[in-house]
Structure formats: structure tokens, C-alpha cells
Amino acid sequence: MSLIPRTAPWSLRRLYLESFPKEERFPFLFLKALALTKKSRFLAYYDGDRLAGMSFTIEGKDMVFLLYLAVSSALQSRGFGTEILSYLKDLYKKPLTLNAEPLDSAAGNAVERERRFAFYERNGFSDTGYELVDSKMTYAVLSDAEVFSAAEYYEALLGLHPKGIGMPEIRRRK
């Protein structure tokens, strides 16, 4: 297995729409435009000619925010997600931080959430004790930083919310 990263093509839209629920998606055109800025990267990963996955990152001064990571459903559980994370860690050489649906045994997708948390833990991420609250959902904040900084996380999120416009609340979990 050897992934080849490339700038995200329009054909990636299908994987994006299939991988993330509507309430968690930004408009695809917005992401393509944001990817033109120097702080953001929207990448597609290929195994030969076959689309294996995608990532969207926003680079802050001291941290990188991983907004989206997806692996094609036909290729899941084959190490592609781990390989993408390794690539991003090597590329940036800064801590990665991401948002995930919090663990909730009453949620309709509780098993999926547990699997996602276990995947990120196997790849060096841990729950920071912070959450991100937007108008639609509350997310657990996970990071591979040795010491998590909410201020650095906020600064990285400014790449998605210029001048803080529409910035969700970041708070310690109760």
C-alpha cells in the first residue's frame, strides 16, 4: 500500500457527501475556495488509480486542525486512515487536532463513534477534555499534542472562521 496525495479534484465531492452527515458538512464549493488559501489543504489520496481517501486541514501557527478525514468505504479497515494520518504528521510536523462526535451510548451511531475514537487513540490522539459547540452539534476535541492548548486550537480555527465570524464555542467539558 502506498498512498499518493494530490490536490482534491471535483470528483472527490461524492466521497465527501457519502462520508459526512449533512449537518457536519460545509458547502463543497466553500471548501474548494478555502483550499486556495495558503493555510488550507484539501487533498485526495490514491492507491494507484483508485481514490482511497481525503483530508482537509487548516494550518495554524503551532497546530493543524484536521477538519475532515475520510476513507472510501470499500477500502476501510485496511490501514489507509492510519497512512493518511502518518502522511499529515510528517507533512506538518505540528500537533494535529480534530473534532469527533462525543461518545454517547444512546446515540443512533454509538458503535460507529466508539470505533472512530478507538481508531484515533491507536493513532496517538487523546480526548483533550474540551468540546466545540456549534449551532448544530457538540463535538469532542481530540489531539495528538503532548500538551493541548485551547488558544492554539482557536487560532487554527480562525482559518475556517476569519475574524472569528461564526466561530463556535470552545469550552471545557463538564
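Any read-out appearing in this document is the output of simple, stated calculations on the displayed coordinates, not a laboratory observation. Because the structure is a prediction, the values reported are computed rather than measured.
Got the relative contact order for the chain handy, in percent, Cα pairs under 8 Å and 6 or more residues apart?
So the answer I get is 19 percent.
Quick check on the chain: what are the equivalent-ellipsoid semi-axes from the Cα gyration tensor, as sqrt(5λ), descending, whole Å? Could the numbers behind the result be given before it?
Values: eigenvalues 105, 74, 55 Å².
In descending order, the three semi-axes are 23, 19, 17 Å.
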- prompt: Within the chain, how many lysine pairs that are 8 or more places apart, or on different chains, have C-alpha atoms less than 26 Å apart?
  reply: 29
